[in-house]
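The next block holds one structure in the form of structure tokens; read it before the comments.
The values are calculated or read from the model by the stated rules, or taken from the named source; none is laboratory data. The shown structure was predicted, so the numbers you read here are calculated from the model rather than taken from an experiment. Note: ideal-geometry Cβ built from the backbone for every residue, glycine included; neighbour counts use all protein chains shown. Note: areas computed on protein heavy atoms with side chains; ligands, DNA, RNA excluded. Shrake-Rupley method; radii C 1.70, N 1.55, O 1.52, S 1.80 Å.
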Amino acid sequence: MRLLERESALADLGAALAAARAGRGRVALLSGGAGMGKTSVVRAFLAGLDAGVGVLEGACDDLLTPRPFGPVHDVSRSARPALARALVEGPAQSVFTALLDELTDGADRLIDGGAATVLVVEDVHWADDASLDALAFVARRIDGLRALLVLTYRDDEVPVVSLLQRVLGGLRAPVAVRIPLGPLSARAVTQLAGEPGAGLRVFASTGGNPFFVTELLAAEQEVLPASVSQAVLARVARLPEPTRALLNLLAVVPARAETGLLDAVCPSWPEAAAAAEERGVLTVHRGAVAFRHELARRAVEEAMPRSRARQLHARVLSALRARGADPVRLVHHAERAGDDDTLLVVAPLAARAAAAAGAHREAAAHYGRALKLADRYPEVERADLLEAFTVEASTTCLIGDAMRAAEQALALREAQADPSGVGRNLRWMSTLAWLSGRRADMERRLTAALEVLEVQPPGPDLAMAYSDLAVRIGLYGGQREEAERAVADAVALAAAVHDPAVLDYVHVRVGLVHAALFADDGPLQRSLDRAREAGHHLEAGMAYQGLAWDAVLRRDWATARRWIGEGVEYLEPREILGPLRYLRGLQATTELAAGDWAAAEATARWVLTQQGGQGITGVHASATLARLHVRRGDTEATSATQELWEVAETCGLLHHIAPAASALAEHAELTGEWEAAVPPLRSTRALAGRLRMSQVANEAGYWLCRAGDLDPGVLGEAPDTDDPYTLRATGDWRAAARRWEQLGCPFERAAALADADDEEALLAAMELADNLGAVPLADRVRRRLRGRGIKGVPRGPQPATRANPAGLTARQLDVLELIREGLTDAEIAQRLVLSVKTVNHHVAAILAKLGADNRRDAARRYPGAVARTGM
């Protein structure tokens, strides 16, 4: 069928290629919903290329669990041996480099002086995270290369908060060429139908979706089928029986089947495929056979009896095993074929390969499959699998699953009389309890682990347990001498072990203790460099976490943003989700401090809606939301602050109890009820004093002064006399406001100005509070101004969020209205005169408040949001 209304897309691809040939590499982002003709456009573009353009192609498959570096493996078949070698030998960074080298040198190997290389990767909405990381690596470096990277994806299947969205959002013009494909017009459909009446009926049924149009027109019936699936099946039914049998076989193979595989499973496939190829159902391209569209494959697959599909999966599995196929493909077909014997062997292989590639979510999924058959493994191997799953599950924030696996592994090691294994699992359970925010359980498990390990020959688990002990007595109790003894023992043991992973584990925790007790983050920074260089991603994540939280506690916002930004960029593509989400919580804290409350709310809500986003991981996000509720005067303020303190007190770290105690204090100042806030403030101030964290001690002391529990003169004698809380406690509101302005904290500045007896300062405080949406503070300042007899005090804005049940702000309602119109974030930003980043934050907040999965779902869930009755 003819390719209509895609001339603009082909022209954009041609212009991008021309730029690439001139040495200005481009990334073409070809997007559209299912059936919009992305592959057809790519095929038409590639068909028109001359001999001076080299082509590399890869595709992402809709497997149960994506294959790490799946599309890169495809590319390697047409690339130089270095790429295939990197995929086998690793590490991941070598794959990135080899892929970039292929684009860098590819044009030079062609004869044409204006040569270029085109790399096409289709269906990146199904890509594994390792592949997305590789594509991002290439995309950031493509400017200046004679290369064009073409990515196709379904834009309605990309969550707003996802790794793919970050990869796409990080690309900017002119390097990024965005080519959205929309539906065909009624005129084009009529032109394809050849008859106005039929064309209008088809357009009304399909909305102009090119694939749906093609299938309905090909149905060759006077009455249109009720669904596109019926149209596909009607076409298939008219094909010869051998062709239908081949289509059933192809339907159980995601994306495409290699001709070599078909030679083994169905030797007569070329004759059977011919009829389907002639009718436009199948395509044969680059040594593989596939349905012309994924929707057609799914229609055939879903119509097939399960017993028949199971048999076909078994046939494909047998052929793939004989060919030595990737374990991930074997897992997919073994599971669908119900072949537990094969799954028993290949699931652990797939898990280990995924873990080695840094695809930790995929690794956890494969270990989970193996453990469904746990009783069929020998006890030692079963314990090994449980321990490996514990590592991957904890890395990806599946803390509950990891704890259950560790408990089972512990029971097996006890039954095997393996004291080292017992100590190892107890130590892991202590760590998991810490990640869950359960301090008492953490201490109980660690004590038990030490009791077992200390009577065994010294080894790696004892070294790591001593470093955990140093964290416990140093960060939790501020006991310097005891912590230093534990640090010395841990370092000595780790050095004797000669295991780089153990050394990095110990050095990161020693760095955390050193930063907390001695205000020196040098050792922690050095441990971060070592962990990154060695590829110990989880330890690097812990180091980033420690560096960022230390900067936040000291109100060093620039340093905090640096470590948060670096950490997120490093951890996100590597799926180190615990530290990543913790850093996002700290990001929300910095956004709150900077007065970007919309961004702070969006970031915090995102963290708390993620799996494993509670406990220690989500404590800073919870603190941000609690303070927002208080500062906005929301009805949730009381419950939010109380629940926050319960979580923080259970965690026990100063980094967690300090913001929770301050949230209680802010709420108490509004209500006048200080009883619940004073004990947390006292304990926070005492622990901060032991850790010599003066900024935190002064903040807690300030609130105790406001509560009438502490003499302000005590703070005035502190050496840190330029601390803004000390200045405010001793009555120097001008200096306090000036210091908060220097720190970039508008709410705190407004609060300090609100203490003034100066009309100009009070008006400035009111304006700041109004701009932030800090209703209680603004109202308090207005009362003071009116009490002083000031005339014409502005009334202030009305709280728009109370006018709609979803709690959307007026600005969020504006954004939602434009989402319903189909605008992109960039278009919304232009319409509302905002930055794209701010729009991103608004969209994320809207999705979180509405409980929506994507933009389309948000518009559907809240159709009344844009009416804004009474606003």
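Kindly establish whether Leu847 is within 23 Å of Gly170 (Cβ to Cβ), at pLDDT below 75 and open to solvent by less than 80 Å² (accessible area, probe 1.4 Å). Taking the combined requirement at face value, the residue does not satisfy it. In region 442-460, the residue that is farthest from the chain's Cα centre (by Cα) out of those that are modelled with pLDDT under 95 and open to solvent by less than 20 Å² (accessible area, probe 1.4 Å) is Gly459. Of all residues in region 243-259, those satisfying the criterion of being out of contact with any strand residue (DSSP E or B) (no Cβ under 6 Å at 6 or more places or on another chain) and either part of a helix (DSSP H, G or I) or among the charged types (D, E, K, R) (or both) are Thr243, Arg244, Ala245, Leu246, Leu247, Asn248, Leu249, Ala251, Thr259. Scan region 429-441 for residues that are farther than 16 Å from Gly612 by Cβ and open to solvent by 20 Å² or more (accessible area, probe 1.4 Å) and jot them down. Arg439, Ala440, Asp441 - these are the residues of region 429-441 that are farther than 16 Å from Gly612 by Cβ and open to solvent by 20 Å² or more (accessible area, probe 1.4 Å).
Scanning region 429-470 for residues that are without any contact (Cβ under 8 Å) to a residue 24 or more places away in the chain and among the acidic types (Asp, Glu) yields Asp441, Glu451, Glu454. The residues listed here are Ala411, Ala355; of these, the one that is closer than 30 Å to Ala84 by Cα, assigned to a helix (DSSP H, G or I) and either of a type outside the set (D, E, K, R) or open to solvent by 30 Å² or more (accessible area, probe 1.4 Å) (or both) is Ala355. Within region 104-123, the residues that satisfy the criterion of being at pLDDT 90 or above and within 18 Å of Arg26 (Cβ to Cβ) are Ala116, Thr117, Val118, Leu119, Val120, Val121, Glu122.
For region 711-732, check the following and say yes or no: at least one residue is closer than 26 Å to Ala588 by Cβ and open to solvent by 50 Å² or more (accessible area, probe 1.4 Å). Looking for residues that are closer than 26 Å to Ala588 by Cβ and open to solvent by 50 Å² or more (accessible area, probe 1.4 Å), one finds none in region 711-732, hence no. Residues in region 496-507 that are more than 18 Å from Glu454 (Cβ to Cβ) and open to solvent by 30 Å² or more (accessible area, probe 1.4 Å): His498, Asp499, Pro500, Ala501, Leu503, His507. For beta carbons closer than 9 Å, sequence separation of 6+ or different chains, a first residue in region 555-581 that is over 30 Å from Glu741 (Cα atoms) and at pLDDT below 95 and a second that is of a type in the set (Phe, Trp, Tyr) and assigned to a helix (DSSP H, G or I), the qualifying pairs are Tyr570/Tyr544; Leu571/Tyr544; Pro573/Phe137; Ile576/Tyr570; Pro579/Tyr544. The single residue among Arg361, Arg404, Arg369 that is under 21 Å from Gln611 (Cα atoms), among the charged types (D, E, K, R) and either in a loop (DSSP other than H, G, I, E, B) or modelled with pLDDT under 95 (or both) turns out to be Arg361. Would it be correct to say that Leu628 is under 24 Å from Leu772 (Cα atoms), aliphatic (A, V, I, L, M), assigned to a helix (DSSP H, G or I) and open to solvent by 10 Å² or more (accessible area, probe 1.4 Å)? For Leu628, the condition - under 24 Å from Leu772 (Cα atoms), aliphatic (A, V, I, L, M), assigned to a helix (DSSP H, G or I) and open to solvent by 10 Å² or more (accessible area, probe 1.4 Å) - is not met. Note on region 249-296: residues that are under 19 Å from Gly58 (Cα atoms) and not aliphatic (A, V, I, L, M) amount to 13. Could you look through region 760-784, keep only residues that are assigned to a helix (DSSP H, G or I) and small (Gly, Ala, Ser), and pick out the one that is most open to solvent (accessible area, probe 1.4 Å)? Among those residues, the one meeting the criterion is Ala764. The number of residues in region 190-209 being at pLDDT 85 or above and open to solvent by less than 20 Å² (accessible area, probe 1.4 Å) comes to 0. Residue count for region 544-576, restricted to those that are in a loop (DSSP other than H, G, I, E, B) and open to solvent by 10 Å² or more (accessible area, probe 1.4 Å): 6. Beta carbons closer than 6 Å, at least 6 apart along the sequence or on distinct chains, pair a first residue in region 268-297 that is within 11 Å of Ala251 (Cα to Cα) with a second that is surrounded by fewer than 20 Cβ atoms within 10 Å (Cβ to Cβ) for Ala290/Thr283; Leu295/Ala34. With respect to Val55, determine if the residue is open to solvent by 30 Å² or more (accessible area, probe 1.4 Å) and touching a residue at least 24 places away in the same chain (Cβ under 8 Å). Taking the combined requirement at face value, the residue satisfies it.
Among the residues of region 521-543, those that are part of a helix (DSSP H, G or I), touching a residue at least 12 places away in the same chain (Cβ under 8 Å) and farther than 20 Å from Ala359 by Cα comprise Pro523, Leu524, Gln525, Arg526, Ser527, Leu528, Arg530, Ala543. Within region 651-678, being assigned to a helix (DSSP H, G or I), aliphatic (A, V, I, L, M) and within 32 Å of the chain's Cα centre (by Cα) holds for Leu654, Ile657, Ala658, Ala660, Ala661, Ala663, Leu664.
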